[in-house]
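The values are calculated or read from the model by the stated rules, or taken from the named source; none is laboratory data. Every value quoted in this text rests on a predicted model; they were computed, and no experiment measured them. Glycine also receives a Cβ, built like all others from the backbone with ideal geometry; neighbour counts cover every protein chain displayed. Accessible surface is based on the protein model in full, side chains and every heavy atom, while ligands, DNA and RNA are left aside. Shrake-Rupley method; radii C 1.70, N 1.55, O 1.52, S 1.80 Å.
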Amino acid sequence: MDLISTNDSATDRQLRLVVGLVVVSASAVLVGVGHAVSGQRTPLSGTAFVLATALIAAGSAAVLYVRYRSTREGISAMSAALLFAIGILPAPWPILATTLAVFALKLPSRQPLIKTGFNVAKDTLVAAAATGAALAVGLHPGSSDFAALAPRLAVAAICLAAVDAGLTAPVLALASRTPVRERLTAQWQLRVIAPAGNYLVAMASLAVWQLDHLLIVALPVLILASQLTYANRLRARTEREAWQKLAQATDELNEVDLDVVLRAGVTRAAQLFSADEVDIEIRQGNVPPRLVRGTSERVTFDGSPGEAPLRSGRLITTALESQDGQADIGELRLRFRGEVNLTDRERYTMRTFAAALCTALRNAATFAETQRLAEQHAHAAAHDALTGLANRRRLQDYAAEVLDERGDAGSVALVLIDLNHFKEINDTLGHSAGDRVLIEIARRLADRAAPDDMVARLGGDEFAVLFTRLPAPALAVPRARNILASLDEPVVLDDMRIVVEASAGVAGAPARGGVAELLRRADVAMYQAKREGQAIAVYARARDTADVGRLALGGDLPRAVAKSEFVVNFQPIVDLTSGEVIAAEALARWLHPDRGSLNPQRFLDSVERSGLLPAFAEGVLDQALRAAAAWRDSGFDLPVAVNVSPRSLLDPSYPDVVAERLAARGVSADRLVIELTESLTLSQLDVVDHVLRALRDLGVRLALDDFGTGYSSLATLARVQVHELKIDRAFVAGMGSPTEEAVVRSTIELGRSLGLVVVAEGVESEQQRRALWELGCPAGQGHLFGRPMPAHRLVATLRRGCGGRPGVLATPLHESGSVIRLPTARRGRTGERRDETG
């Protein structure tokens, strides 16, 4: 048996301790043997003793070695010779013969002293145990009664094999650092077959001895034949098991998971080649090199080769390449703590296993790359390429899942966020800068969102945040404000600080309609926030001017434009003092064949987002100018006011369209008033400034509609050079309140100080008319003077007039030439009274 250093001081101490115990025990046995021999009276045949000693030596020399990891365990025919000696020699001479034979055999071999001492001591103890067992069962040396000899010698053989295994296994386990149980079970078939064969050889030898002592010279031949038989059976069994293990190992490599293949390769290689440790190092394509190390039980390292702990010992390596020598992707290394040389069969098996492992690794790498590409494509299909956020499709899928489970997941709400004036960034700084802004906005929104929320980019400058676990629906608004607060800090681009503002719409999960309805409601709320100049608006059914039927309107728009279903009605604007008509405002209506007359609140958002806005705006403008031309031809040269969508002002070509329509209808530019929606503060955009300046250069008059309802009225007025201010109908209706009246008064005084015409909207009663006149408002419009009507009806109304006066739609507040005492509101700035004549 081979003993090696374990490179482990603690294990080496344990090994020396065990070997020392065996040697001490054997020494004690030899002392007892010497005492027994000195006092023995039974004569001993010197020839038989010498013959037994020689046979034991010959049997010890005929050794078949079986390797287990770095150690070799010998299976010799000594036990056959020892059993023969027990059958012919009286005790304790077989013990002494064994000690002398093994010592004489081992001494010249120049083995380490610890190894020689252990082998001699072990065999001495084995001989003592077998001899003692024979005496205990009443075996009589030299007996010719084989019927009595056979079972007694079998007991000795069993004891011999048990003690031999019991002494050898612990030492080999310590030397190879393996469990004792594993060493006892390793090669268990040989541990059974070899003792049985040696027992039969011993019985045959004793039979020959009984027939004729001279025939015993054939015993070495018998022992040699027995060993050759063992060797052939061992070789055949070892090769059969090796191919079986190789087949099992290659079957286990038929996996597509790279980690599984590497773990199986390490553990199976350690089992197949009985290696102390196995390294598999792979180098494939652009993937960093990887080293996996382990034993037959587990993987001990998996990582970069440069980070692997250093190991000592004997290395046997082979390349991981295919059978044809192609596709070298790494190396398979077997590590042994002692000196081990593989047989030719083992080396061939190693190359075969390496080729199978190479194929498995390539297949796993191919599968991993395929899976990576599939995951990459799936990720790309569900995420925005620029920001990495979820896209609209992923948001819809996730929202559908959440809505299905919302009974257990709390309240659900959606925030739709649209960046204000983002086009200005692209137009001014370029799309690359715009992309960087979008990436930064996406990062901020994602950082502010809760772990269970989903942040998505729906396209362009539109984002969405899905709140999935709200304790109560009312918490959606505070959460939305917190999300938008992340945009307060300016975005820094190349030392430039860019302030990004946004409008957001918040909608709770609907009872019906699913994800589509949730998105629609959030969209409605978001556009409401934009119209009202608010940061956040919450969806309210009462304010939903785009009911579910609006979804179908978008598909009807192309037909409506093509068939001129959009018509324009006109509401007169009158001088509050005289009741004379001084202008008319054009109000578009959609005469839908199925839904009847629809006001702009029902369809304008759909038009703006449909791409048909230019055609719609040009059609309304053309009808308004055609009506102005008709009024002029009828003797009423009235200006016409047209509301313009803020999105039209983003089109640099819009002034050219206006000029073309004016020329086509033969209307002077000063007869056209363009009404701007102040609440959107689009005047902050440079492109809008350019468009408005071009319109003024044409001679078109500008009016600021709904003045006072936006969040930057004065700032807008200071920047946009308009000719008229229009007071929102909400302030006129609330003039009974001191606050609302103060707003109206301040607007009128502001218009007077700037030289602007002020028009009050929503005048419904004579009381409101007189109150406005007393505050100094010169003009107004509302149902008191006339509802919106077609152009030809307005002409008929003007001709009919009021009180026989054409062009007048209300009784004058005073007769022409009368003296009027002005109310306090119409006094001069010095407080002096002034008399005016009508």
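Please enumerate, by chain and number, the lysines with C-alpha under 24 Å from the C-alpha of Lys726, excluding those fewer than 8 residues away in the same chain.
In chain and number order, the partners are Lys530.
Enumerate the amide H contacts of Gly330 below 5 Å, restricted to partners 5 or more residues apart or on another chain; note that Pro and chain-start residues carry no placed amide H.
Counting only residues 5 or more places away or on other chains, the set is Arg283, Leu320.
Could you please put His592, His723 in sequence from largest to smallest accessible area, using a 1.4 Å probe? Intermediate values should be presented prior to the final figure.
Values: His592 10, His723 50 Å².
Of His592, His723, the descending order of accessible area is His723, His592.
In whole Hz, what ³J(HN,Hα) sequence does segment 729-741 give by Karplus (6.51, -1.76, 1.60; θ = phi - 60°), x for Gly and Pro?
After applying 6.51 cos²θ - 1.76 cosθ + 1.60, I find 4, 5, 6, 5, 5, x, 5, x, 8, x, 5, 5, 5 Hz.
Given H placed 1.01 Å from N in the peptide plane, which residues other than close sequence neighbours of Leu638 have an amide H under 5 Å from its amide H?
Here the answer is Arg632, since their amide H atoms fall under 5 Å of that of Leu638.
Go ahead and collect, in residue order, the members of segment 639-656 whose backbone nitrogen is under 19 Å from a label point 7 Å along the Cα-Cβ direction of Gln721.
655-656
Counting only protein chains, not ligands or nucleic acids, how are Leu44, Leu107 ordered by accessible area (probe 1.4 Å), most first?
Working: Leu44 60, Leu107 105 Å².
Most to least solvent-accessible, the answer reads Leu107, Leu44.
Suppose accessible area is computed on protein heavy atoms with a 1.4 Å probe; arrange Val412, Val477 from highest to lowest. If you can, show how the numbers build up before the last one.
Details: Val412 10, Val477 40 Å².
The residues order as Val477, Val412, largest area first.
Rounded to the nearest 10 Å², what accessible area does Met496 have for a 1.4 Å probe in the complete protein model?
Approximately 80 Å² for this residue.
How big is the Kirkwood radius of segment 410-514, worked out from every pair of different alpha carbons and given in Å to one decimal? Don't skip to the end; give the middle numbers.
Values: mean 1/r = 0.0693 Å⁻¹.
Kirkwood hydrodynamic radius for segment 410-514: 14.4 Å.
Based on the mean of other Cβ atoms within 10 Å per residue, sort peptides 740-750, 143-153, 82-92 so the most packed one is first. Intermediate values should be presented prior to the final figure.
Working: 740-750: 17.5, 143-153: 14.2, 82-92: 25.4.
In decreasing order of mean packing, 740-750, 143-153, 82-92 become 82-92, 740-750, 143-153.
Modelling each spin label as a point 7 Å along the Cα-to-Cβ direction, I'd like the His783/Leu315 distance in nm, to one decimal.
It works out to 9.7 nm between the two label points.
What is the gain in length, in nm to one decimal, between Ser27 and Ser432 on full extension, counting 0.36 nm per residue of separation less the C-alpha to C-alpha distance?
136.7 nm
Calculate, for segment 264-347, the solvent-accessible area per residue in square angstrom, rolling a 1.4 angstrom probe over the heavy atoms of the protein chains.
Values: 4070 Å² over 84 residues.
Ligands and nucleic acids excluded, the figure is 48 Å² per residue.
Determine the relative contact order of segment 579-695: mean sequence separation of Cα pairs under 8 Å and six or more apart, normalised by residue count, in whole percent. Don't skip to the end; give the middle numbers.
Working: 122 pairs, mean separation 31.9, N = 117.
Normalised by residue count, the contact order of segment 579-695 is 27 percent.
Mind checking which lysines have their C-alpha under 18 Å from Lys106, skipping anything on the same chain fewer than 8 residues away?
Lys115, Lys122
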